[in-house]
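Report on the following structure.
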Amino acid sequence: MNIAIVKYNAGNIYSVVNALRRMGIEPDLTDDIERLTAADKVIFPGQGEARSAMEYLKARRLDEVIRNLRQPVFGICVGQQLLCRHSEEGDVDCIGIFDADVRRFQPSRHEEKVPAMGWNQITNTKSPLFKAFKGGEYVYFVHSYYVPLCAETIATADYILPYSAALAKDNFFATQFHPEKSGSVGERILRNFIDL
């Protein structure tokens, strides 16, 4: 099985490479259009800032490539946010797979720190991505921006307000949390994606 990881100007890509290697998979880290298009599955991870990431993707036509992929695609963290319609981070139009706008957390109490960082529960899981889940599993988050609950929400988390922990539409899946940093729970999610 050929698993491609989109190579672009985002942090945290190598933690996904290493997570797949621990599972016995050697991924293809690439920004080559033909290799991405030919892959069996594509992972679009990242940590970073939405506007600069979109500028990089557009300059290389990778936004078009990702939008037109027909195999299963998995966005992680900023990857999820860039698959949405628009982000408040840098006020930028994104790839537009998910019909949602990314918003910044607005804390109202002293203990509500931004970025939200650490382990949090996911609930209301519904998707083959969460096969064999009972609900209430803990996964690892680091983010200042979130996707509101919407028609494409397949898992919910709660920090300051309930929001989309994961999204799905057609062949696109995405999580706000980092499965590659979420221990055995995250490994199960990656395995479920690979087994789609």
### Query
Among (1) buried (at least 19 other Cβ atoms within 10 Å of the Cβ); (2) more than 24 Å from residue 92 (Cα to Cα), which single condition is residue 127 missing?
(1)
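Could you look through the stretch 150-170, keep only residues that are assigned to a loop (DSSP other than H, G, I, E, B) and open to solvent by 30 Å² or more (accessible area, probe 1.4 Å), and pick out the one that is farthest from residue 70 (Cα to Cα)? Steps first, answer last, please.
Residues of the stretch 150-170 that are assigned to a loop (DSSP other than H, G, I, E, B), as a first pass: 150-152, 160, 170.
After this cut, where a residue has to be open to solvent by 30 Å² or more (accessible area, probe 1.4 Å) as well, the list is 150-151, 160, 170.
Working: 150: 23, 151: 21, 160: 35, 170: 9 Å.
Top of the filtered list is 160.
For the stretch 130-149, check the following and say yes or no: at least one residue is of a type in the set (Lys, Arg) and surrounded by fewer than 16 Cβ atoms within 10 Å (Cβ to Cβ).
If we filter the stretch 130-149 for residues that are of a type in the set (Lys, Arg), which is where we start, we get 131, 134.
After this cut, where a residue has to be surrounded by fewer than 16 Cβ atoms within 10 Å (Cβ to Cβ) as well, the list is 131, 134.
Among the residues of the stretch 130-149, at least one is of a type in the set (Lys, Arg) and surrounded by fewer than 16 Cβ atoms within 10 Å (Cβ to Cβ), which makes the answer yes.
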### Task
For residue 114, work out the one condition from (1) surrounded by fewer than 16 Cβ atoms within 10 Å (Cβ to Cβ); (2) among the hydrophobic types (A, V, I, L, M, F, W, C); (3) at pLDDT 95 or above it doesn't fulfil.
(3)
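For residue 10, indicate whether it is touching a residue at least 40 places away in the same chain (Cβ under 8 Å) and more than 16 Å from residue 190 (Cβ to Cβ).
Numbers: touching a residue at least 40 places away in the same chain (Cβ under 8 Å): yes; more than 16 Å from residue 190 (Cβ to Cβ): yes.
The answer is yes for residue 10.
Residues that are touching a residue at least 24 places away in the same chain (Cβ under 8 Å), in contact with a strand residue (DSSP E or B) (Cβ under 8 Å, 6 or more places away or on another chain) and not hydroxyl-bearing (Ser, Thr, Tyr): which helices (runs of 4 or more DSSP H) entirely in the stretch 47-146 hold 3 or more of them?
Values: elements: 50-59, 62-67, 78-82.
Result: 50-59, 78-82.
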### Query
Among the residues of the stretch 13-23, which ones are assigned to a helix (DSSP H, G or I), in contact (Cβ under 8 Å) with a residue 12 or more places away in the chain and over 18 Å from residue 78 (Cα atoms)?
18, 20, 22
### Query
So which residues in the stretch 173-184 are under 24 Å from residue 71 (Cα atoms) and open to solvent by less than 10 Å² (accessible area, probe 1.4 Å), if there are any at all?
174, 175, 176, 177, 178, 179
### Message
What's the number of the only condition in (1) modelled with pLDDT under 95; (2) surrounded by fewer than 17 Cβ atoms within 10 Å (Cβ to Cβ) that residue 187 fails to meet?
### Response
(1)
### Task
Give the stretch 40-66 a look and list any residue that's touching a Gly at 6+ places or on another chain (Cβ under 6 Å) and under 17 Å from residue 27 (Cβ atoms), or say none.
44, 45, 46
### Index of the failed condition, residue 47 passing every other in (1) under 22 Å from residue 168 (Cβ atoms); (2) modelled with pLDDT of 95 or more; (3) of a type outside the set (Lys, Arg)
(2)
### Query
Does residue 26 satisfy the condition of being on the phi < 0 side of the Ramachandran plot, exposed (fewer than 13 other Cβ atoms within 10 Å of the Cβ) and either touching a residue at least 12 places away in the same chain (Cβ under 8 Å) or assigned to a loop (DSSP other than H, G, I, E, B) (or both)?
yes
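The values are calculated or read from the model by the stated rules, or taken from the named source; none is laboratory data. As the structure is a prediction and not an experimental result, all values here were calculated from the model. With ideal geometry, Cβ positions are generated from the backbone for all residues, glycine too; neighbour counts draw on all protein chains shown. Remember, those area values only see protein heavy atoms, side chains included, never the ligands or the DNA or RNA. Shrake-Rupley method; radii C 1.70, N 1.55, O 1.52, S 1.80 Å.
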